[in-house]
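A quick write-up on the structure given underneath.
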């Protein structure tokens, strides 16, 4: 049995060697492994590192493209993969030595999708993700949304990495990562693939390490299109859900408002390049979006978040108070910094 391991690479010189060494050390005799490194126009030493490993190991293949984004890089990997199963690993993450060996039984039994649980790596701490509540999901007539999506959460984990997919199912259903999605492309791919399956096995073996050490720095980068990007992801989710049930207008409006709450925090996060006037203008513009206005005028209730800070922000948004919202978050971030 051949497994294709696809690794999108972009400016990952700091972590790439650790990632590749972990995969090589996890290889086992029971399955063969082709490792496809897709360099997405790196400007650091990543491509040189990839080529060095390609010289050393016959099962490593390197592909290079101009910078086009992680979805494009993964799609290039999918087009080149010849393995019976495909797994994705991000270049700043790493796997434990039993990453492949723990899957052999389920690979041989022919499960359509095999899912590993993972460790969050935060400030040198290794924190286990919440255990899977469901392990063995079988449905001869096909998996449906109720098996894998509950309360706006994908119970399979909405990341593409840490999973083993059948290449045949991907090709037969013409599945790929959507290049036009800037956020949530993993979740959409995972859901569309899972809904083409009849069997899924979830393992609580925690053999994938999700590196979030630089996550705060990455997520603090300002994006003027943040709301449009996550709204597009939400619309893709609505398209999938609508195949299985009707979606009321009120539900759509609620989730647009829910996503807008994230955007308000994003807009008001302290940055040297933005001032309070910029933040006020952005939040005011957001609260004047048609779907947010419709939510305020048509919703009879507001489901608040459990976190009190977010509850206050949601209430201020609901009352259409952009200036007070910005001032409150400025005060909150100031207090957080001084703790």
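Here is the figure for the stretch 307-339: residues that are surrounded by 11 or more Cβ atoms within 10 Å (Cβ to Cβ), at negative phi and not in a helix (DSSP H, G or I) total 2. For the stretch 5-56, a residue qualifies if it is closer than 18 Å to residue 94 by Cβ and assigned to a strand (DSSP E or B), and the qualifying residues are 5, 6, 7, 8, 9, 33, 35, 36, 37, 38.
Where helices (runs of 4 or more DSSP H) sit wholly within the stretch 199-299, none has at least 2 residues that are touching a strand residue (DSSP E or B) at 6+ places or on another chain (Cβ under 8 Å) and surrounded by 12 or more Cβ atoms within 10 Å (Cβ to Cβ). Being more than 27 Å from residue 46 (Cβ to Cβ), in the same structural domain as residue 207 (by TED's automatic domain parsing) and assigned to a strand (DSSP E or B) is a property that residue 146 lacks. Scanning the stretch 101-124 for residues that are in contact with a strand residue (DSSP E or B) (Cβ under 7 Å, 6 or more places away or on another chain) and part of a loop (DSSP other than H, G, I, E, B) turns up 111, 112. Screening residue 127 on (1) without any contact (Cβ under 8 Å) to a residue 12 or more places away in the chain; (2) assigned to a loop (DSSP other than H, G, I, E, B); (3) more than 27 Å from residue 81 (Cα to Cα) shows it passes everything except condition (2).
The values are calculated or read from the model by the stated rules, or taken from the named source; none is laboratory data. Not measured: the values here are computed from a predicted model. We place every Cβ from the backbone using ideal geometry, glycine too, and count neighbours over all the protein chains shown.
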